[in-house]
Amino acid sequence: MASSTLDMFMGLKSINPNFVDAWGNPAKVSEENIRNIIGKMGFDAADDSALITHFNEKEKQHWLSPLPPVSVLQKNETYQFEVRLPIDSAADPLIYKITLEDKSEIEQTICATVFPLVATKEISDLEFQCYQVEIAADLPIGYHSLAIYEKDIAEALATMSLIITPSRCYSPEAITQGEKIWGTSVQLYCLKSEANWGIGDFSDLKTLLAKTKENGGDFIGLNPIHALSPSQPDNSSPYSPSSRKWLNILYTDITAVDEFARNKTLQARINSEQFKQELIALRAPEWVDYEGVTALKLTALRELFATLNEGSVKSKKRQAAFNQYVKEKGESLTQQASYDALQFHFLALDANSWGWPVWPEAFQSFQSEASQTWIKENLQEVLFWCYTQWVAELQLQEADKLAKSLGMTLGIYRDLAVGVGISSSEIWANHALYCEHISVGAPPDVLGPLGQSWGLPPIAPEQLQEAAYQPFIELLQSNMSHCGALRIDHVMALLRLWWVPDNASAEKGAYVYYPVEDMLNLLALESVRNECLVIGEDLGTVPDGIDVLLKDAGVYSYKVFFFEQADDGGYISPAHYADQAMATLATHDMPTIKGFWHCEDLHLGRELGLYPKQDVYEGLLRDRLVCKQQILNSLHGHGSLPADYPRDAAFVGMDQTLNFALQVHLAKSTSALLSLQLEDFLEMDKPVNVPGTSNEYRNWQRKLSQNIEPLFENQQIKTLLSDITLARKI
């Protein structure tokens, strides 16, 4: 293949073969790997003429379309966008009609030729010209449309989505005025309580919000609470969801659903001795029993749905509210509900029917005739799954209202995963958006020399733009509801993603770039509209300039203490942390404080086969001792430990004094936000997740070591939280 053809095609598909590796060295993806990626995108990369034909067809479509599908522009006095017209009519005046979100209209008659000529192109023996047209108008932020018309012709010549955005994401006034707040981060399923059914739920979240506020905190940071697959409860990773727009229904507190108060039979069963014993068996273990929890909750939810449909006066009122919810949420909810219903249907027929890729071909998309017929014939079953989403969302909404009533600045802060799994409802319903034979991941780096592939098919940038970014907009709208902040996992995805073909190892991928300025502008628009602060998880390899782009867009950075080291290996002073940031000691992919100090992550990794070479394992232990010594030096240097506390890391174990001192030390940081883990309040050592493992470790299952009710009654923890609150005011 001629390199010029390959370069041309890579430009069309936003593939960049060049990157800087984790060691700071320039690197380039081989032509063979690029061809493989293009092949998995659905093109014959070995056929030079076929690629040229596709390129020319796309270019022809581009020039024959007077307007792009979408223009995303920051609010200003004037707005520029490209208009492409045949040369023989380019000088003709055209009517430009902007229809605002509120349906009001603005019209201007404009001749394109008075504006700068950007480019010309001959297509099918016709010459086209592209002009940079400018319109002066007072447009509000929001989603509008722009159409151009020829005089006296009713049908539009072209239409595009015109999205006007603020320049920055939302920040609460208290934070912009310099207030520094703190909160706790938790995997919601980890919560133990005297009332839940063996898994944390939205009622536990309400308790946690109230107790945190009572002790000086301002928010609860949650793991992604995206919809998983109820039919396969052991597939429990919140970062490989079925849908990022819908909720994990296992977080519903059954006893807090309205229908429960009217279902005397269910109440009697739950109060029976047998059921109480079942709950004890689910609550007691150290690990979440997802199968047991799912079986109990789904049975109860079906009984509650039957109560909704019983026909009483009260149930009719509730049913009207439910029907309105289904209508408002539209096809997206129907897609999710239908997928869950079909999953159970096919699993009943074949225990190996793990997802749509192995269903009968006729059912492998939402839009197929077979799927649509089944949905109509099984409407009540589909409505049941709509109901499970409704009651879950109502409870999340109640938790958010509680946080606001308590005066919490952020309250709930949610987490947006970077993608969905291959067997997800989102891909089943939107095949055209996704590159299904590719997974996103990460190139080789110091911690992962083989790179990473996460099993999450990407959305193609070209498809995203052709859809006027609607999938991304809907994703933001869903995840910014019922919360005060949103953390975006792997925020670099707004700029680029490492694409790995499904027939290749992770190091044989390449970066595919996204329209980052448009994405950030859309993020700002939804952030302001939802009054939702945005935190970008910007760890790992960060390309030059993206940190400035994110900061200018009002996105808060994510600063992990253990990674914040100076060139000499020492840990930076809390006074030197970025203001526009969230500081934290660890993440869900890292060991707890105690686990880090005692090298439990390295010992566990050795047991699980992550460090098969003894010399590598021993080298990591030596490096950890150096880090621990630097931490001790830093804490002593800042007076964060008692003067008589031991100073040699080789002889210091993790105790409560050191654990709590680390947390208070970081609380003194200048970052506007501080997030600490409940696990570290409890001095736990087991991680919730071990990156690089699947079945080797029970990821996403480990619970907290004690119930949340007594946690906040522990005087030592109460003193810690008081010290943290005081340190945040310094």
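Hey, does the stretch 602-618 have a residue that's touching a residue at least 40 places away in the same chain (Cβ under 8 Å) and touching a Pro at 6+ places or on another chain (Cβ under 8 Å)? Can you show your working first?
First pass over the stretch 602-618, keeping only residues touching a residue at least 40 places away in the same chain (Cβ under 8 Å): 604-605, 608-610.
The next check asks that each one be touching a Pro at 6+ places or on another chain (Cβ under 8 Å); those that pass are 604.
Yes, the stretch 602-618 contains a residue that is touching a residue at least 40 places away in the same chain (Cβ under 8 Å) and touching a Pro at 6+ places or on another chain (Cβ under 8 Å).
How many residues does the stretch 539-551 contain that are modelled with pLDDT under 90, of a type outside the set (A, V, I, L, M) and at negative phi?
So the first thing to find is which residues in the stretch 539-551 are modelled with pLDDT under 90, and the list is 539-545.
From what is left, the residues that are of a type outside the set (A, V, I, L, M) are 540-541, 543-545.
Restricting the remaining residues to those that are at negative phi gives 541, 543-544.
Number satisfying all stated conditions: 3.
Between a first residue in the stretch 168-190 that is in contact (Cβ under 8 Å) with a residue 60 or more places away in the chain and a second residue that is of a type in the set (Asp, Glu) and buried (at least 23 other Cβ atoms within 10 Å of the Cβ), which pairs have beta carbons less than 6 Å apart while being 6 or more apart in sequence or on different chains?
181/218; 183/218
Taking the stretch 388-410 on its own, how many of its residues are in contact with a Lys or Arg (Cβ under 6 Å, 6 or more places away or on another chain) and not in a loop (DSSP other than H, G, I, E, B)? Working first, answer last.
If we filter the stretch 388-410 for residues that are in contact with a Lys or Arg (Cβ under 6 Å, 6 or more places away or on another chain), which is where we start, we get 399, 402, 406, 408.
If we keep only those that are not in a loop (DSSP other than H, G, I, E, B) as well, we get 399, 402.
Here the count works out to 2.
Considering 509, 554, which residue is out of contact with any Leu (no Cβ under 6 Å at 6 or more places or on another chain), buried (at least 20 other Cβ atoms within 10 Å of the Cβ) and at positive phi? Talk me through it step by step, then tell me what you get.
On the way: 509 fails: at positive phi.
Going through 509, 554 in turn, the sole match is 554.
Quick one: which residue in 282, 205, 250 is assigned to a helix (DSSP H, G or I), out of contact with any strand residue (DSSP E or B) (no Cβ under 9 Å at 6 or more places or on another chain), crowded, with 22+ Cβ neighbours inside 10 Å and hydrophobic (A, V, I, L, M, F, W, C)?
Numbers: 282 fails: crowded, with 22+ Cβ neighbours inside 10 Å; 205 fails: out of contact with any strand residue (DSSP E or B) (no Cβ under 9 Å at 6 or more places or on another chain).
None of the other options fit; the residue is 250.
Any idea which residue in the stretch 308-326 is surrounded by the most Cβ atoms within 10 Å (Cβ to Cβ), counting only those that are among the polar types (S, T, N, Q) and outside any loop (DSSP other than H, G, I, E, B)?
315
Taking the residues in the stretch 628-686 that are of a type in the set (A, V, I, L, M) and surrounded by fewer than 15 Cβ atoms within 10 Å (Cβ to Cβ) as candidates, determine which candidate is farthest from residue 703 (Cα to Cα).
First, the residues of the stretch 628-686 that are of a type in the set (A, V, I, L, M): 631-632, 635, 641, 643, 649-650, 652, 654, 658, 661-662, 664, 666-667, 672-674, 676, 678, 682, 684.
From what's left, surrounded by fewer than 15 Cβ atoms within 10 Å (Cβ to Cβ): 643, 650.
Numbers: 643: 36, 650: 31 Å.
Step by step, filter the stretch 628-686, then rank; the result is 643.
Could you figure out which of (1) modelled with pLDDT of 95 or more; (2) more than 25 Å from residue 393 (Cβ to Cβ); (3) among the hydrophobic types (A, V, I, L, M, F, W, C); (4) surrounded by fewer than 13 Cβ atoms within 10 Å (Cβ to Cβ) isn't true of residue 275?
Single failed check for residue 275: (4).
From (1) over 15 Å from the mean Cα position of the chain (by Cα); (2) in contact (Cβ under 8 Å) with a residue 60 or more places away in the chain, pick out the condition that doesn't hold for residue 463.
(2)
Go through the stretch 495-551 and tell me which strands (runs of 3 or more DSSP E), entirely inside it, have 3 or more residues that are farther than 30 Å from residue 31 by Cα.
Details: elements: 496-501, 510-513, 533-536.
Ranges flagged: 533-536.
Test residue 264 against the criterion of being basic (Lys, Arg) and surrounded by fewer than 17 Cβ atoms within 10 Å (Cβ to Cβ), and give yes or no. Reasoning before the result, please.
Working: basic (Lys, Arg): yes; surrounded by fewer than 17 Cβ atoms within 10 Å (Cβ to Cβ): yes.
When the stated conditions are applied, residue 264 passes them.
Tell me yes or no: at least one residue of the stretch 547-570 is within 20 Å of residue 624 (Cβ to Cβ) and in contact with an Asp or Glu (Cβ under 9 Å, 6 or more places away or on another chain).
If we filter the stretch 547-570 for residues that are within 20 Å of residue 624 (Cβ to Cβ), which is where we start, we get 560-570.
Subset that is in contact with an Asp or Glu (Cβ under 9 Å, 6 or more places away or on another chain): none.
Checked against the condition, which is being within 20 Å of residue 624 (Cβ to Cβ) and in contact with an Asp or Glu (Cβ under 9 Å, 6 or more places away or on another chain), the stretch 547-570 yields no hits at all.
This table checks each residue for (1) in a loop (DSSP other than H, G, I, E, B); (2) in contact with an Asp or Glu (Cβ under 9 Å, 6 or more places away or on another chain); (3) within 30 Å of residue 200 (Cα to Cα).
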residue: 605; (1), (2), (3): no, no, yes
residue: 617; (1), (2), (3): no, no, no
residue: 627; (1), (2), (3): no, no, no
residue: 642; (1), (2), (3): yes, no, no
residue: 660; (1), (2), (3): no, yes, yes
residue: 664; (1), (2), (3): no, yes, yes
residue: 676; (1), (2), (3): no, no, yes
residue: 684; (1), (2), (3): yes, no, yes
residue: 689; (1), (2), (3): yes, yes, yes
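Test of understanding: among 453, 439, 425, which residue is crowded, with 22+ Cβ neighbours inside 10 Å and in contact with a Pro (Cβ under 7 Å, 6 or more places away or on another chain)?
Working: 453 fails: in contact with a Pro (Cβ under 7 Å, 6 or more places away or on another chain); 425 fails: in contact with a Pro (Cβ under 7 Å, 6 or more places away or on another chain).
Step by step, each of 453, 439, 425 is checked, and only 439 is crowded, with 22+ Cβ neighbours inside 10 Å and in contact with a Pro (Cβ under 7 Å, 6 or more places away or on another chain).
Which count do you get for residues in the stretch 353-395 that are of a type in the set (Gly, Ala, Ser), touching a residue at least 24 places away in the same chain (Cβ under 8 Å) and closer than 30 Å to residue 200 by Cα? Walk me through how you get there before you give the answer.
Quick first cut of the stretch 353-395, residues of a type in the set (Gly, Ala, Ser) only: 353, 355, 362, 365, 368, 370-371, 392.
This time we only want the ones that are touching a residue at least 24 places away in the same chain (Cβ under 8 Å), so: 355, 365, 371, 392.
From what's left, closer than 30 Å to residue 200 by Cα: 355, 392.
Looking only at that region, the number is 2.
Could you tell me whether any residue of the stretch 152-170 is part of a loop (DSSP other than H, G, I, E, B), small (Gly, Ala, Ser) and closer than 23 Å to residue 252 by Cβ? Before you say what the answer is, go through the steps one by one.
Taking the stretch 152-170 first, the residues part of a loop (DSSP other than H, G, I, E, B) are 152-157, 166-170.
Of the ones still in play, those that are also small (Gly, Ala, Ser) are 154, 156, 167.
So of that shortlist, the ones also closer than 23 Å to residue 252 by Cβ come out as none.
Scanning the stretch 152-170, I find no residue that is part of a loop (DSSP other than H, G, I, E, B), small (Gly, Ala, Ser) and closer than 23 Å to residue 252 by Cβ, so the answer is no.
Which one of the conditions (1) closer than 30 Å to residue 263 by Cβ; (2) surrounded by fewer than 17 Cβ atoms within 10 Å (Cβ to Cβ) does residue 289 fail to meet, given that it meets all the rest?
Result: residue 289 fails condition (2) only.
Residue-wise test of (1) surrounded by fewer than 14 Cβ atoms within 10 Å (Cβ to Cβ); (2) in contact (Cβ under 8 Å) with a residue 24 or more places away in the chain; (3) assigned to a loop (DSSP other than H, G, I, E, B).
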{"residue": "5", "(1), (2), (3)": "no, yes, no"}
{"residue": "10", "(1), (2), (3)": "no, yes, no"}
{"residue": "23", "(1), (2), (3)": "yes, yes, yes"}
{"residue": "38", "(1), (2), (3)": "no, yes, no"}
{"residue": "51", "(1), (2), (3)": "no, yes, no"}
{"residue": "56", "(1), (2), (3)": "yes, no, no"}
{"residue": "66", "(1), (2), (3)": "no, yes, yes"}
{"residue": "72", "(1), (2), (3)": "no, yes, no"}
{"residue": "76", "(1), (2), (3)": "yes, no, yes"}
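Working only within the stretch 81-102, note down all residues that are under 45 Å from the mean Cα position of the chain (by Cα) and either free of Cβ contacts under 8 Å to residues at least 12 places away in the same chain or more than 17 Å from residue 132 (Cβ to Cβ) (or both).
Residues of the stretch 81-102 that are under 45 Å from the mean Cα position of the chain (by Cα), as a first pass: 81-86, 90, 94-102.
Residues satisfying the conditions are 86, 95, 97, 98, 99, 100, 101, 102.
Given the options 141, 153, name the one that is β-branched (Val, Ile, Thr), surrounded by 13 or more Cβ atoms within 10 Å (Cβ to Cβ) and either assigned by TED's automatic domain parsing to the domain that holds residue 90 or under 30 Å from residue 55 (Cβ atoms) (or both). Give the derivation first.
Numbers: 153 fails: surrounded by 13 or more Cβ atoms within 10 Å (Cβ to Cβ).
Every option except 141 fails the conditions.
Pairs only if they're at least six apart or on different chains, beta carbon under 6 angstrom, first in the stretch 544-556 and closer than 23 Å to residue 674 by Cβ, second small (Gly, Ala, Ser) and outside any helix (DSSP H, G or I); list them, first residue then second.
Note: pairs meeting the criteria are 550/536; 555/536; 556/581.
Give just the number: which of (1) assigned by TED's automatic domain parsing to the domain that holds residue 106; (2) within 30 Å of residue 581 (Cα to Cα); (3) surrounded by 15 or more Cβ atoms within 10 Å (Cβ to Cβ) does residue 171 not satisfy?
Failed condition: (1).
Give the stretch 644-656 a look and list any residue that's assigned to a loop (DSSP other than H, G, I, E, B), under 36 Å from the mean Cα position of the chain (by Cα) and not acidic (Asp, Glu), or say none.
Passing the criteria: only 654.
Restricting to the stretch 633-656, give me the number of residues that are under 14 Å from residue 596 (Cα atoms) and without any contact (Cβ under 8 Å) to a residue 24 or more places away in the chain.
Adding up the residues that qualify gives 1.
Take residue 326 and tell me if it is at pLDDT 95 or above, of a type in the set (A, V, I, L, M, F, W, C), farther than 17 Å from residue 395 by Cα and within 27 Å of the chain's Cα centre (by Cα). Walk me through it before giving the result.
Values: at pLDDT 95 or above: yes; of a type in the set (A, V, I, L, M, F, W, C): yes; farther than 17 Å from residue 395 by Cα: no; within 27 Å of the chain's Cα centre (by Cα): yes.
So residue 326 fails the test.
The values are calculated or read from the model by the stated rules, or taken from the named source; none is laboratory data. Everything numeric here is computed off the predicted structure, so don't read it as measured data. No Cβ is skipped: glycine too gets one built from the backbone with ideal geometry, and neighbour counts run over all protein chains shown.
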